1. Going by what's in this entry, would Leu89 be described as among the aliphatic types (A, V, I, L, M), within 11 Å of the ligand (Cβ to nearest atom), surrounded by fewer than 21 Cβ atoms within 10 Å (Cβ to Cβ) and on the phi < 0 side of the Ramachandran plot?
2. Collect the residues in the range 151-202 that are in a loop (DSSP other than H, G, I, E, B), farther than 18 Å from Val321 by Cβ, among the small types (Gly, Ala, Ser) and touching a strand residue (DSSP E or B) at 6+ places or on another chain (Cβ under 9 Å), keeping them in residue-number order.
3. Under the condition of being closer than 11 Å to Ile106 by Cβ and within 12 Å of the ligand (Cβ to nearest atom), which residue from the range 73-86 is surrounded by the fewest Cβ atoms within 10 Å (Cβ to Cβ)?
4. Is it fair to say Ala182 is within 14 Å of the ligand (Cβ to nearest atom), surrounded by fewer than 22 Cβ atoms within 10 Å (Cβ to Cβ), hydrophobic (A, V, I, L, M, F, W, C) and closer than 29 Å to Arg83 by Cα?
5. For the range 204-323, which fully contained helices (runs of 4 or more DSSP H) count at least 3 residues that are acidic (Asp, Glu), more than 25 Å from Asp187 (Cβ to Cβ) and without any contact (Cβ under 8 Å) to a residue 40 or more places away in the chain?
6. Buried (at least 21 other Cβ atoms within 10 Å of the Cβ), over 13 Å from Val79 (Cβ atoms) and within 16 Å of the ligand (Cβ to nearest atom) - does that describe any residue in the range 129-139?
7. Which of the residues spanning the range 1-22 are within 11 Å of the ligand (Cβ to nearest atom) and closer than 20 Å to Glu81 by Cβ?
8. Hey, can you tell me all the residues within the range 23-42 that are within 13 Å of the ligand (Cβ to nearest atom), buried (at least 18 other Cβ atoms within 10 Å of the Cβ) and either under 20 Å from Phe166 (Cβ atoms) or without any contact (Cβ under 8 Å) to a residue 12 or more places away in the chain (or both)?
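Rule-based calculations on the coordinates, nothing more; no lab input. The structure presented is a predicted model; accordingly, all values stated were derived computationally and were not measured. Positions of Cβ are generated from backbone atoms using ideal geometry, with glycine treated the same way; all protein chains shown enter the neighbour counts.
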Amino acid sequence: MPTQVTVSAPVNIAVVKYWGKRDTSLLLPTNSSLSLTLSQDDLRSTTTVRIDALFNKDRLWLNGKEEDATANKRMVRVVQELRAVRKELQNKDSSLEALDEQKMHICSENNFPTAAGLASSASGFAALTFGIAHALGIADKISTADLSRLARQGSGSACRSLFGGFVAWNMGINPDGSDSVAEQVADEKHWPDMEALVLVASDARKDTPSTAGMQLTIETSDLLRERIANVVPQRMSDIKTAIVNKNYDAFAEHTMRDSNQFHAVCLDTFPPITYLNDVSRAVIHLVTAYNNLFTEKSDNAASSKKGYRAAYTFDAGPNAVLYVRREHVPEILAIVNATFPAPADADKQTYLGRAAQYVGQEDK
Ligand code: DP6
């Protein structure tokens, strides 16, 4: 009997960024990271997997176009790993029929621009891993942490999209990557008024893909070493505390500082990598000016009271994600739209995403 499943997985947007690999084959990071998984209703990848005895080879379609399934080494690896897990399970469990020789067709689509710095590889590999696990009949026989470990081998950030809510990817220390997995820090219901506004400054493909960019950074940036050793460990701990206590000011400050440092590290790479453009920088200045309106100044800098209303973060591209509280969304959207008047294809320009919702673990 052929099996066919369709699943979807949302993107996640990091507030403590992953940038750098200590192992480029297992995709093991040089620092831990933390992200929010957006809602299923917003930016997502939807993947259909069909396993059929009539197929004579694995085939892959991305956004409607057939790709060479054997050329995508990371996908080949994830498929191989999942088949190996299935084989191991079927040796132990006689109710699982042998599927070893059966080929699969995989069809994946994003409802947003691919490779424009909007975490398409995260949602893509999360949906791929989850979809294949389902089609192989093993999704309910292995843990979400194990699925996360498998998805990581497709794209590092994908391991975080297997969970909803606030998710940490612990870098781990084992050379085989067995402890380099994501875990949920707080679920999607924990901070229900947290929203993500995705401001699309450009939907063009990025010039420097993350994988190549981060390797060049590892080879050439001194600032990255400082970040890995002295900044991220403390920030991971502090931002987790901010999330648990729903302390927006602390969360917002760490988010913006981490985005700034990630892009500083890109600039410290040689030759430098620049992902931000003039629109990105204008968004940073706008958010800073807006936040300053709510900061109570005092002669003593230490006692100035911060009143953040918006926190920006940028991945490997010029598009901004603002983490804001729901009550401030209308005002912030009005300010953004007044500052950056909508072009003709306005509906493409601003995605309103809701963070901290259920992650895509359901068949459609
Ligand atoms: C800037 O996960 O796309 O979005 O592991 O090489 O596939 P690979 O890289 P990828 O890198 C994401 C980098 C980032 C930061 C983040 O999501 O943490």
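1. Numbers: among the aliphatic types (A, V, I, L, M): yes; within 11 Å of the ligand (Cβ to nearest atom): no; surrounded by fewer than 21 Cβ atoms within 10 Å (Cβ to Cβ): yes; on the phi < 0 side of the Ramachandran plot: yes.
Taking the combined requirement at face value, the residue does not satisfy it.
2. Gly172, Gly177, Ser180
3. Here is the first cut: in the range 73-86, the residues closer than 11 Å to Ile106 by Cβ are 75, 78-79.
Then keep just the ones that are within 12 Å of the ligand (Cβ to nearest atom); that gives 75, 78.
On the way: Met75: 25, Val78: 23.
Among those residues, the one meeting the criterion is Val78.
4. Numbers: within 14 Å of the ligand (Cβ to nearest atom): yes; surrounded by fewer than 22 Cβ atoms within 10 Å (Cβ to Cβ): no; hydrophobic (A, V, I, L, M, F, W, C): yes; closer than 29 Å to Arg83 by Cα: yes.
Here the answer is no, as Ala182 does not meet what is asked.
5. Hits in the range 204-323: none.
6. no
7. Our first condition is that a residue be within 11 Å of the ligand (Cβ to nearest atom); within the range 1-22, this holds for 11-21.
Answer for the range 1-22, where residues must be within 11 Å of the ligand (Cβ to nearest atom) and closer than 20 Å to Glu81 by Cβ: just Lys21.
8. Correct list: Pro29, Asn31, Ser32, Ser33, Leu34, Ser35, Leu36, Thr37, Leu38.
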